[in-house]
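To start, the structure under review is shown below, and the notes come after it.
What follows draws every value from the coordinates through simple rules; no lab data is involved. Predicted, not measured: the structure shown is a model, and the values here were computed from it. Cβ coordinates were reconstructed from backbone atoms using ideal geometry, including for glycine residues, and neighbour counts include every protein chain displayed.
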Amino acid sequence: MTWAREKAGLTKRALASRLGISEQLMGEIESGWRSATPANLMKIADALNCPLVVLERKRSGTTSSPGIPSPLAAEACTNPPLHRPDLETPC
């Protein structure tokens with residue numbers, strides 16, 4: 001999460017402000033001391049333009065090196081979401 005926040009150019013204070021939580025809570029979530037609620041995790045993913053699954057994977061510790069996300073995760077957090085009409089299903 002730290003990597004994605006820094007990649008987005010946000011400080012803990014700025015991200016916490018966007019989420020409506022304290023900077024202390026943001027730091028505790030980022031360090032792993034506390035878990036984010038599902039609602040806050042979704043807000044964090046949205047604020048960082050990073051897929052939720054990347055943040056969840058990061059929390060689980062499945063990166064190639066500590067603090068450095070896999071190349072796929074790095075790409076997912078830096079590129080805007082792709083519109084894929086071929087994956088959409090009609091209602």
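Here the Karplus relation 6.51 cos²θ - 1.76 cosθ + 1.60, evaluated at θ = phi - 60°, turns the backbone of region 8-16 into coupling constants of 7, x, 10, 7, 4, 4, 5, 5, 4 Hz, with x for every Gly and Pro. Here the simple spin-label model places points 7 Å from the Cα toward Cβ, and for THR2 and MET42 these points are separated by 2.8 nm.
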